[in-house]
Amino acid sequence: MRMTGMGRRGRVVAAALGAVLVAGGCTVQGTGPDGKGHAPVRIDVTTGAPPKNTPSGDRRPSGTSARGREPSSAPAAGAKAARVLWERGDTGRDVRELQARLRQVEWLVDGPTGTYDDLTERAVSGFQGKRGLPRTGRTDSVTWRRLLGMSHEPGKWDLYLMGGQPAAAPDPRCTSGRVLCVSKSSRTLRWMIDGRTVSTMSVRFGSRYTPTREGVFQVYWKSRHHVSTLYDSAMPYAMFFSGGQAVHYSHDFAARGYAGASHGCVNVRDEAAIADLYAQVKTGDKVVVYR
């Protein structure tokens, strides 16, 4: 008897096709006229044709590129650019934290200084390039999130490794007269006149084996280009207050920060600041060193 409609052969093919479709998730791999494979095309299992209103061309899963890879991190055309948080020339505590975190991931050696300088800009650019981000040198919200995920919250001394921390409240003995008011807890020196702070600078002290003496003293000698006869080291802008201990500029402190220590002196890392201080301090002015 003659078969109608699709015919026996057609029905066998349709049944086989249906089995393939069920096993393969309702997709088949097509082959174009150039002999190359195309992306899967969805097929209606009842008719054997693509669904109505559905393109039969290249269909790929959402969130992948034409080659099946994850899309790049580059923003799409018209996408809103990441917000810039800090850039060269900015200053403050937030910049200091940025620098401390860059030190943790070994992209910055110097600092933190609290100033977004050329070294910080280069460190940020290197960090960005290593992670496939645009190498702008500016810290935007995307860069900052990546850095936060790779570092930990810096402690007080991580933030102020090179100095610049807030000065402690002055000792009561510093509130009258002309005083070099030196706080060991905040590692700062205040130059005070009649209770008013004229200037503040970061300082470091002697090690546990050569501690800086505490108490009330007086500047008894000033020596602009002094060189230590005991250690054969330069002590520019030296203002002696207790034996061989003095307030003076330190090249080592400027270079290494708190990674080093003095032999008992009060080291200052800012040469311009101590040069100005040296010009103002007189022999006989009081020195107070306290915790």
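Computed from label points 7 Å out along Cα-Cβ, the spacing between ALA259 and ARG196 is 4.1 nm. Amide H contacts for GLY114 (H built 1.01 Å from N in the peptide plane; partners 5 or more residues away or on another chain; cut-off under 5 Å): ARG96.
Stokes-Einstein diffusion of the stretch 136-291 at 25 °C, 0.890 mPa s viscosity, Kirkwood radius from Cα pairs, rounded to a whole number: 149 µm²/s. Which trypsin sites (Lys or Arg not before Pro) from the stretch 127-205 combine a DSSP loop assignment with at most 16 other Cβ atoms within 10 Å? Counting only loop positions with at most 16 other Cβ atoms within 10 Å, the trypsin sites (Lys or Arg not before Pro) in the stretch 127-205 are ARG131, ARG135.
Backbone geometry of the stretch 158-171 corresponds, through the Karplus equation with coefficients 6.51, -1.76 and 1.60 at θ = phi - 60°, to 3J(HN,Hα) couplings of 5, 6, 10, 4, 9, x, x, 6, x, 6, 6, 4, x, 4 Hz, x marking Gly and Pro. Close amide H pairs (under 5 Å, H built 1.01 Å from N) link VAL203 with THR188, LEU189, residues at least 5 positions away or on another chain.
I need the calculated FRET efficiency for the pair GLU153 and ALA272, taking r as the beta carbon distance and R₀ as 30 Å, to the nearest 0.05. So the FRET efficiency works out to roughly 0.40. For the pair LYS282 and ALA81, label points projected 7 Å from Cα toward Cβ lie 5.7 nm apart. Using R₀ = 51 Å, calculate the FRET efficiency as 1/(1 + (r/R₀)^6) where r is the Cβ-Cβ separation of LYS130 and ARG173; round to 0.05. Given R0 = 51 Å and the Cβ-Cβ separation, E is 0.45. In order along the stretch 173-181, the phi-based Karplus estimate (6.51 cos²θ - 1.76 cosθ + 1.60, θ = phi - 60°) of 3J(HN,Hα) comes to 6, 9, 8, 9, x, 9, 9, 8, 9 Hz; Gly and Pro are listed as x.
Exposure proxy shown here: for TRP144, TRP157, the number of other Cβ atoms within 10 Å sets the order, fewest to most, as TRP157, TRP144. The phi torsions of the stretch 130-143, fed into the Karplus equation with coefficients 6.51, -1.76 and 1.60 and a -60° offset, translate into couplings of 5, 10, x, 9, x, 7, 8, x, 9, 8, 9, 5, 5, 4 Hz, rounded to whole numbers, with Gly and Pro shown as x. Between SER228 and ASP252, the simple label model (points 7 Å from Cα in the Cβ direction) yields a spacing of 0.6 nm. Expressed to the nearest 5 percent, the antiparallel share of DSSP beta bridges inside the stretch 157-291 is 75 percent. Look at HIS152, HIS248, HIS226 and count the other Cβ atoms within 10 Å of each Cβ; fewest to most, that gives HIS152, HIS226, HIS248. The equivalent ellipsoid that matches the C-alpha gyration tensor of the stretch 84-159 spans semi-axes of 17, 14, 11 angstrom, in descending order.
Rule-based calculations on the coordinates, nothing more; no lab input. What you see is a predicted model, and the numbers here were worked out from it, not measured in a lab. Neighbour counts run over all protein chains shown; Cβ positions are idealised from the backbone, glycine included.
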